[in-house]
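First up is the structure itself, then whatever we jot down about it.
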Amino acid sequence: RYEPTWGSLDARPLPAWFDEAKFGVFIHWGVFSVPSFGSEWFWRAAAGGFWWYWQKEKREPYVKFMEANYPPGFSYEDFGPLFTAELFDPNQWADILKASGAKYVVLTSKHHEGFTLWGSKYSWNWNAVDVGPKRDLVAELAASVRSRTDLRFGLYHSLFEWFNPLFLEDHSNVFKTRRFPSSKSLPELYEIVTKYQPEIIWSDGDGNAPDTYWNSTGFLAWLYNDSPVRDTVVTNDRWGVGSSCTHGGFYTCSDRYNPGHLLPHKWENCMTIDRRSWGYRRDAQLDDYLTIEDLVKQLVETVSCGGNLLMNIGPTRDGRITAIFEERLRQVGAWLKVNGGAIYGTKPWRAQNDSVTPEVWYTFSPKEGTVNAIFLNWPVSGTLELGEPQAKLGETEVKLAGYKELLKWVTLGEKGLVIALPQLTPKEMPCQWGWTLQLTAVN
């Protein structure tokens, strides 16, 4: 049994499925999807930043936006009934998630503004069953994901709430009192685990309070010892000031974390397809969205360095995954159909990227004993030089994922090898945006 101490909790082995999965989809959806307005500068705090920047900091673009579009005296709470989700089809969402090639999904069950997407008895009249959709959105998505896909279902949960009077009171008492966690955030955590059995608890928003204030170790000890998901659940590292990148299951360290080198501890790169925001933005421009080339590059770099990629989309207030998000997810899925062998279930190789040719990243498939060299640019010369793998004459075989015939190669001894790529028309290419060479019997 695990003790409620970091020493004991951090010794728990991370369930193997998480490292094997490599790729998940993050969904930021809530009341903040109603105004759906703002640029990176305003949204940088979080998806719910609208409230903060409009009511707390009174930043000019926000105040002007509200004055121009909403009646005087309109409050953030008034957005609640406008979060309608009338076009939300959880089966359609599940089908898009499946098509993306992701192995897990993480939904924002509650963000910093405190609105819960389930009918929480600890969030009276500020939840999706009492206000707005009048539906249990968490339950509906969980049911569809579990019945239509093999994805693991996870939930994001914000510890603190910007404007909750109990949290503000504890804050003014320098967290010597604990009214908010004991009556609100902890009961909610126990509630979502018991009710929905998520296999990922993605915690966030420590409100500058220590983990002792949140009783994070007490909750995690229960989660790992006695909860219905104790054997399979994974957790992140955001459990109080100072715990990030130090304690918990896998490390997220900071948003869009992509160190570019191997880390000793399992980590995750959580990032957004809309480079400026986590929630949906009506004012987004086309070039605000990462291209499929950008996304494949992020996935390959992250996995080569031992991480998982958690790629975020922001649905609309009426419950749609817009066409551009759907297209990006389906494109990643199409790429993984061909190259998934170099991603899922792999381990980092001794070199993460090539020493001679840029934009070549390596993974290792332990079952097949294959070194995967994923290259992001198809060379004009038709030959690809790799400085890291050392080939053995008569033993080494080189294949291109999605192409039947073996490739010819010449060894450069300790300096690597040169591979002749097949001459293919664009229609004959096994995929776009990045290609995998599978090398067997290399040193």
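The values are calculated or read from the model by the stated rules, or taken from the named source; none is laboratory data. This is a predicted model, so every value here is computed, not measured. Neighbour counts are summed over all protein chains in view; Cβ atoms, including those assigned to glycine, are modelled from backbone coordinates with ideal geometry. Accessible surface areas use protein heavy atoms only, side chains included; no ligands, DNA or RNA. Shrake-Rupley method; radii C 1.70, N 1.55, O 1.52, S 1.80 Å.
For the reader, a short list of remarks on this structure follows.
- Any hit, region 142-163, residues being surrounded by fewer than 16 Cβ atoms within 10 Å (Cβ to Cβ), modelled with pLDDT under 95 and either more than 15 Å from residue 85 (Cβ to Cβ) or in the same structural domain as residue 237 (by the TED database) (or both): yes
- Residue selected from region 359-372 under the condition more than 16 Å from residue 305 (Cβ to Cβ) and out of contact with any helix residue (DSSP H, G or I) (no Cβ under 7 Å at 6 or more places or on another chain), by the criterion most open to solvent (accessible area, probe 1.4 Å): 367
- The residue list 11, 102 contains one member that is modelled with pLDDT of 95 or more, among the small types (Gly, Ala, Ser), more than 17 Å from the chain's Cα centre (by Cα) and not in a helix (DSSP H, G or I), which is 11.
- Matching residues, region 383-397, being open to solvent by less than 20 Å² (accessible area, probe 1.4 Å) and in a loop (DSSP other than H, G, I, E, B): 387, 389, 396
- Residue in region 235-242 that is polar (S, T, N, Q) and over 14 Å from the mean Cα position of the chain (by Cα) present: no
- Summed over region 173-202, the residues that are open to solvent by 30 Å² or more (accessible area, probe 1.4 Å), under 26 Å from the mean Cα position of the chain (by Cα) and closer than 27 Å to residue 251 by Cβ give a count of 4.
- Here residue 286 meets each of (1) farther than 19 Å from residue 102 by Cβ; (2) modelled with pLDDT of 95 or more; (3) in contact with a Cys (Cβ under 8 Å, 6 or more places away or on another chain) with one exception, condition (3).
- Only a single item in (1) over 22 Å from residue 27 (Cα atoms); (2) at pLDDT below 95 is not met by residue 183, and it is number (2).
- Long-range neighbours under 8 Å by Cβ, at least six apart or interchain, first residue on the phi > 0 side of the Ramachandran plot within region 368-389, second in a strand (DSSP E or B) and open to solvent by less than 60 Å² (accessible area, probe 1.4 Å): 369/440; 382/420
- Within region 301-338, tally of residues that are touching a Pro at 6+ places or on another chain (Cβ under 6 Å) and among the small types (Gly, Ala, Ser): 1
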